[in-house]
Amino acid sequence: MILPSLLLLLALCLGVVAAASAQLACADAARVGARALARGEGEDRARELALSAAPEDADIDLEGSSDMARVSVRAELTVGSVVSVPVQLRGTAAVPVEPGPAGVGG
């Protein structure tokens, strides 16, 4: 009785670690994309950079204005093999646009 309980606890802990890692990847991807937009990179390039840091099948939303560059990254992770639990993950970032001709606001 103790061994199955320990294995279940181990599986739960591994799922939590995987979800935390994917959450951090979403936050990092949002920061990467927002920094790229703030530097004046194009939206396609910023999306490409954010996707390279994001978990698989993540959705990236970009929003650039004259003063802020905002990026939101959403992903869904399925935790568990016997009992699958979908976990929604989200990371957002907002970075001030750099002044000058390269910034989004011009």
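In the list Leu77, Leu89, Leu7, Leu62, which residue meets the criterion of being at negative phi and either out of contact with any Leu (no Cβ under 8 Å at 6 or more places or on another chain) or among the hydroxyl-bearing types (Ser, Thr, Tyr) (or both)?
Leu7
Looking only at region 50-72, which residues are in contact with a Gly (Cβ under 8 Å, 6 or more places away or on another chain) and surrounded by fewer than 14 Cβ atoms within 10 Å (Cβ to Cβ)?
Ser65, Ser66, Asp67
Filter region 17-47 for residues that are more than 19 Å from Ala58 (Cα to Cα) and either aliphatic (A, V, I, L, M) or not in a helix (DSSP H, G or I) (or both) and give the result.
Ala38, Gly40, Glu41, Gly42
Say we look at region 73-95 and pick out the residues that are out of contact with any helix residue (DSSP H, G or I) (no Cβ under 7 Å at 6 or more places or on another chain) and among the β-branched types (Val, Ile, Thr); which of these is surrounded by the fewest Cβ atoms within 10 Å (Cβ to Cβ)?
Val82
Identify, please: which residue in region 1-23 is free of Cβ contacts under 8 Å to residues at least 60 places away in the same chain and under 14 Å from the mean Cα position of the chain (by Cα) and is, among those, farthest from Leu51 (Cα to Cα)?
If we take residues in region 1-23 being free of Cβ contacts under 8 Å to residues at least 60 places away in the same chain and under 14 Å from the mean Cα position of the chain (by Cα), then Ala20 is farthest from Leu51 (Cα to Cα).
Consider region 1-37. How many of its residues are at pLDDT below 90 and within 22 Å of Gly64 (Cβ to Cβ)?
The total comes to 0.
Can you pull out the residues in region 26-46 that are surrounded by 19 or more Cβ atoms within 10 Å (Cβ to Cβ) and without any contact (Cβ under 8 Å) to a residue 40 or more places away in the chain?
Val32, Ala36, Glu41, Ala46
Anything in region 1-16 that is aliphatic (A, V, I, L, M) and part of a helix (DSSP H, G or I)? List them, or say none.
Ile2, Leu3, Leu6, Leu7, Leu8, Leu9, Leu10, Ala11, Leu12, Leu14, Val16
The values are calculated or read from the model by the stated rules, or taken from the named source; none is laboratory data. The structure displayed is predicted, hence computed values, not measured ones. Reconstructed Cβ throughout: ideal geometry from the backbone, glycine too, with neighbour counts over all protein chains shown.
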